[in-house]
Amino acid sequence: MMKSMNYENPGKRCGSRGFTLIEILIVVVILGILAAIIIPQFASAQSAARATAMRSQLGTVRSQIAAWQVQNGGQIPGGPGGTADEAIDTLIADGYLTRTVFVSPGFVWIWDSSRAELEIEYDPSIDPSIPDADGDGDGDADDVAVIRTW
Ligand SMILES: [Ca+2]
């Protein structure tokens, strides 16, 4: 009697049932589709955040240059003919900045030491992953142009 019942349901185990291969494959495919949707959005948000962070840094350094000039009789931080790094080092030495302001890869400070004007440019030959400065979801020549106007 017992032997005949086992032959009727040879694949059935008592009390537990696992997932079939098809069920597992369906779950894996769904997770893959979700990842393909979500990961590019993270990359886009990261690119936009990188542009926003650099713009914020630029604004901070510019305002501290202006404050330094007010306190130092309109002189040029770093001296006439100095570089952007020399100007920033002067601000750090005098307590206007707490540390060196690092630029994200591809960004380059442009310092006009005759007028104490700090600009920033993006050089795609240094880092071709141009940050999305205009918020349209991609990084291209338009973003390089936008960064130049900051
Ligand atoms: Ca863009």
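No lab work stands behind these numbers, since they all come straight from the coordinates. Since we're looking at a predicted model, the values are computed, not measured. Cβ sites come from the backbone with ideal geometry, for glycine too, and all protein chains shown count toward neighbours.
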From the backbone phi of the range 29-35, what are the Karplus-calculated ³J(HN,Hα) couplings (6.51 cos²θ - 1.76 cosθ + 1.60, θ = phi - 60°) in whole Hz, Gly and Pro given as x? 5, 5, 4, x, 5, 4, 4
Shape call for the chain from the C-alpha gyration tensor, a ≥ b ≥ c root eigenvalues: rounded (a/c under 1.5), prolate (a/b greater than b/c) or oblate? prolate
Once amide hydrogens are built 1.01 Å from N within the peptide plane, the residues lying 5 or more places from residue 120 or on another chain with amide H under 5 Å from its amide H are 110
Which Cα, out of 64, 82, 135, lies furthest along the positive dipole direction of the chain (beta carbon charges, K/R +1, D/E -1)? 135
Among 62, 99, what is the fewest-to-most ranking by other Cβ atoms within 10 Å? 99, 62
For the range 84-94, in order, what is each residue's ³J(HN,Hα) by Karplus, 6.51 cos²θ - 1.76 cosθ + 1.60 with θ = phi - 60°, in whole Hz (x at glycine and Pro)? 4, 5, 5, 5, 5, 4, 5, 5, 5, 4, 8
